[in-house]
Amino acid sequence: MGIVEALVLGIIQGLTEFLPVSSSGHIEIGTFLLGVKSKDNLLFSIVVHGATALSTIVVFRKDILELLQGLLKFQNNSATQFVLNIVISIVPVGIVGVFFEEEIEAFFGGKIVFVAFMLLITSILLAFTYYKKNNTGQITPVKALLIGLAQAVAILPGISRSGATISTALLLGVEKEKATRFSFLMVLVPIIGALVLKVKDFIENPSIGDNISGSALTTGFIAAFVAGIIACHWMIAIVKKGKLIYFALYCFVVGSIVLITYLI
């Protein structure tokens, strides 16, 4: 993987991690079009996912600080309730990640037709939110579990994590800003957990990183970090304005083009 490929894939990762268009699906499409070998992906994936996790922390630093301050009071307050809901939400993805890792990995690695179909499903899910109005609800433990189940399904390439979780929250009646905040903060733990597992794989097999240079990794990190911050702020504004329908159309068009092109 060269610097140009790292720059392109880093930008794709940073933008699509937060926009409801599936980062994994676009990375699969991007690596397929750029001809990047799968053995180059692990170390690069560690770097760019670390970058997007950092961008989330930067954007929501005040929220994270408030939650930590609330937890340190050791009281049953809004912070402890929010963190409890976060914990509940990550249970499904934790179970899937631990017990079905090999099965999930089988869906990756150039299965472009599958990605295209999953993008079409993401499109349908996002389109449903267009008809949901006047969201005023709160995040509850039951809703957190359902949002967590949506996140577990979004492990599949082509299903947008932010799209699935935010759409589920909105369809459950959660207020738009709260749905976005919860969606972005709930992903920090799974991202960090996945990073730990990938780092473990890299430590066990360091030769995985032989085919990618330090400059390419640095380029990918910076690109993903900057793009992630931009996309995160953008997504917050988009959900507030109720403009997810445009991303439903985008996913439908991209999924259709990829499917038709591949079949032809």
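What are the semi-axes of the equivalent ellipsoid of the range 176-251, taken as the square roots of 5 times the eigenvalues of the Cα gyration tensor, listed largest first and rounded to whole Å?
Semi-axes, largest first: 32, 16, 11 Å.
Which FRET efficiency value, to the nearest 0.05, do you get for PHE99 and VAL142 by plugging their Cβ-Cβ distance into 1/(1 + (r/R0)^6) with R0 = 30 Å?
Numbers: r = 23 Å, r/R0 = 0.77.
Approximately 0.85, to the nearest 0.05.
When ILE230, ILE212 are ordered from fewest to most other Cβ atoms inside 10 Å of their Cβ, what list results?
Final ranking by Cβ density, sparse to dense: ILE230, ILE212.
Quick one: grab the alpha carbon gyration tensor of the range 39-181, order the square roots of its eigenvalues as a ≥ b ≥ c, and give me rounded if a/c is under 1.5, else prolate or oblate depending on whether a/b is larger than b/c.
oblate
Listing ILE191, ILE12, ILE257 from the residue with the fewest other Cβ atoms within 10 Å to the one with the most, what is the order?
If I rank by nearby Cβ atoms, fewest first, I get ILE257, ILE191, ILE12.
Just to check, using Stokes-Einstein with a Kirkwood Rh over alpha carbon pairs, what's the diffusion coefficient of the range 3-263 at 20 °C and 1.002 mPa s in µm²/s?
115 µm²/s
Connecting C-alpha atoms closer than 10 Å in a GNM of the chain, tell me which of VAL196, VAL93, VAL174 has the biggest fluctuation.
Maximum among the listed residues: VAL196.
How high is the relative contact order of the chain? Use alpha-carbon pairs under 8 Å, at least six apart in sequence, and give a whole percent.
40 percent
Just want the ordering: SER45, SER167, SER24, SER256, from fewest to most Cβ atoms lying within 10 Å of their own Cβ. It would help to have the intermediate numbers written out before the result.
Values: SER45 19, SER167 28, SER24 23, SER256 14.
The most exposed by this proxy come first: SER256, SER45, SER24, SER167.
Suppose R0 equals 35 Å. What FRET efficiency, 1/(1 + (r/R0)^6) with r the Cβ-Cβ distance, do HIS233 and LEU33 give to the nearest 0.05?
After rounding, the FRET efficiency stands at 0.80.
Specify the angular offset, from 0 to 90 degrees and rounded to the nearest 10, of the alpha carbon long axis of helix 78-99 from the longest principal axis of the alpha carbons in the chain.
40 degrees
Under 21 Å from the Cα of LYS132, which lysines turn up, not counting those fewer than eight places away in the same chain?
LYS143, LYS176, LYS178, LYS240, LYS241, LYS243
Can you compute the modelled spin-label distance between VAL196 and VAL253, with each label point 7 Å from Cα toward Cβ, in nm?
If labels sit at VAL196 and VAL253, their model points lie 4.1 nm apart.
Every read-out reported here was derived from the displayed coordinates using simple, explicitly stated rules and does not represent laboratory data. Bear in mind the structure is a predicted one, so any value in this text is a computation, not a measurement. Positions of Cβ are generated from backbone atoms using ideal geometry, with glycine treated the same way; all protein chains shown enter the neighbour counts.
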